[in-house]
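S.K.: Would you mind keeping the following structure in view while I ask a few things?
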Amino acid sequence: MGKRPSDKPSGPVPPLAYENAPFLHSPSGRLLRIVSEYIEPQARFRQLRVQDTIVFFGSARFISRAQAQQELEEVQKAGGKSPSNKAALQHARDTLTTSAYYEDARRLARMITEWSRSLPPKRRRFVVTSGGGPGIMEAANRGAREAGGVTIGLNIQLPFEQAPNPYITPELNFEFHYFFMRKYWFAYLAKALVIFPGGFGTLDELFEILTLAQTQKLAKRILVVIYGRAFWQRILNFDELRAAGVISPEDMDLFRIVDSPEEGFQVLRSWLTTYHLEPGQQGRAERRPPSPLRGT
C-alpha cells in the first residue's frame, strides 16, 4: 500500500519573500525598504486623521532652562581656577543663554497646538512636527504635548545625537533609514516651517524648502518663519543676496523673521488662516487628507 502524500518526507520550508530578512536588508531589497518608508507613514497619518503639519527645525544641542541652570550650578560647585574649569564654566553660561531658544520653541509649539485644537475636529490640522530628537526638536514636541495635542517625530538613525525624545505621540513616532524619505514627509504635509538657530542640518532644511517654494515644486503655499533675528543676521545676509541679484525681491516674501513666540504665533495664525482656512482660499480644496500621489 503506497504512502499518502502527507506521509512524504519534506524539507525545510523557505521563508516568504516579504519575511526574508536577509533579502529585505540586502541591496536587492532596497526598493522595498524605500517604498515602506513611503507607505507606512502614510497609513499612520491617515489612521490618525493628520491633514497637515507645522515643522520645527533647530539645533539638537540646546537644552531646557532648568537643565542648563542645574549644569551651571554643578560647575560652580566644583570650583577651581584651572583653564579646564574656566572653559566648563563659560560653556555652562553659554548653554544657559541658548536655553532661551529651547523655551521659546516650547512656548510657540504650545501656542500653535492650543489654537489648532480649537479648530473644527474633523481633521487634525497644523500638527507640530519635529525631527524627533533632542534640542529644539524636543522642545517643539514637548510644547505640543503640554497643550494636550498629538505631535509627530520623524526620527532617523544616526551615529550620534538622534534618539527619540519622550514627548512624541507614540503612534506618530517614526524611525527612518533614508534621509530623502524623511525629507519627503517633512515637506509634503507641511503648511509652515519654523526655523530656530541651528547648524548644518537646520541650514540644509531651510534652503531646501526655500528652493522648493521658490521653484514652485510644492503643491501648496508654504511659509518659512525664521526665529531669532540677531542670530540669523550674523549667519545669513538675504539683503546682500537680493542686492547681488542672485535672488529676486519676491523671494524675500517666502519667509518672515520673528523674535518672540508671540510674534511667531501671530504671523503663523494670520498666514494659515488666510491661505489654508478661510473660504475661497486654498484651505477649501484641502478638506480631505492629502494623498502622497497628489502633487508629486
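S.K.: In segment 219-255, which residue that is free of Cβ contacts under 8 Å to residues at least 60 places away in the same chain, out of contact with any Lys or Arg (no Cβ under 9 Å at 6 or more places or on another chain) and in a loop (DSSP other than H, G, I, E, B) is surrounded by the fewest Cβ atoms within 10 Å (Cβ to Cβ)?
M.R.: Restricting to residues being free of Cβ contacts under 8 Å to residues at least 60 places away in the same chain, out of contact with any Lys or Arg (no Cβ under 9 Å at 6 or more places or on another chain) and in a loop (DSSP other than H, G, I, E, B), the top hit is GLY245.
S.K.: Can you go through ALA187, ALA140 and tell me which one is closer than 24 Å to THR95 by Cβ and aliphatic (A, V, I, L, M)?
M.R.: Checking each option against the conditions leaves just ALA140.
S.K.: Do we have SER36 as loosely packed, with under 11 Cβ neighbours inside 10 Å and without any contact (Cβ under 8 Å) to a residue 60 or more places away in the chain here?
M.R.: Here the answer is no, as SER36 does not meet what is asked.
S.K.: Now for a different question. Could you check, for segment 52-72, whether at least one of its residues is among the charged types (D, E, K, R), within 29 Å of the chain's Cα centre (by Cα), surrounded by 19 or more Cβ atoms within 10 Å (Cβ to Cβ) and not in a helix (DSSP H, G or I)?
M.R.: For segment 52-72, residues among the charged types (D, E, K, R), within 29 Å of the chain's Cα centre (by Cα), surrounded by 19 or more Cβ atoms within 10 Å (Cβ to Cβ) and not in a helix (DSSP H, G or I): present.
S.K.: Residue under question is LEU212, and the condition is that it be modelled with pLDDT under 95, part of a loop (DSSP other than H, G, I, E, B), surrounded by 12 or more Cβ atoms within 10 Å (Cβ to Cβ) and out of contact with any Cys (no Cβ under 8 Å at 6 or more places or on another chain); does it hold?
M.R.: Spelling it out, it is not the case that LEU212 is modelled with pLDDT under 95, part of a loop (DSSP other than H, G, I, E, B), surrounded by 12 or more Cβ atoms within 10 Å (Cβ to Cβ) and out of contact with any Cys (no Cβ under 8 Å at 6 or more places or on another chain).
S.K.: Among the residues that make up segment 256-267, is at least one of them over 24 Å from ASP94 (Cα atoms), surrounded by 15 or more Cβ atoms within 10 Å (Cβ to Cβ) and either of a type in the set (Lys, Arg) or at pLDDT below 95 (or both)?
M.R.: There is at least one residue in segment 256-267 that is over 24 Å from ASP94 (Cα atoms), surrounded by 15 or more Cβ atoms within 10 Å (Cβ to Cβ) and either of a type in the set (Lys, Arg) or at pLDDT below 95 (or both).
S.K.: So which residues in segment 268-296 are at pLDDT below 95, aliphatic (A, V, I, L, M) and part of a helix (DSSP H, G or I), if there are any at all?
M.R.: Result: ALA285, single match.
S.K.: Among the numbered conditions (1) at positive phi; (2) in contact with a Gly (Cβ under 9 Å, 6 or more places away or on another chain), tell me where GLY148 comes up short.
M.R.: Answer for GLY148: the failing condition is (2).
S.K.: Also: Name the single residue, out of those in segment 59-80 being of a type in the set (Gly, Ala, Ser) and touching a helix residue (DSSP H, G or I) at 6+ places or on another chain (Cβ under 8 Å), that is modelled with the lowest pLDDT.
M.R.: Across segment 59-80, the extreme among qualifying residues is GLY79.
The values are calculated or read from the model by the stated rules, or taken from the named source; none is laboratory data. The model shown is predicted, which means the values in this text are computed figures rather than measured ones. Positions of Cβ are backbone-derived with ideal geometry, glycine not excepted, and every protein chain shown enters the neighbour counts.
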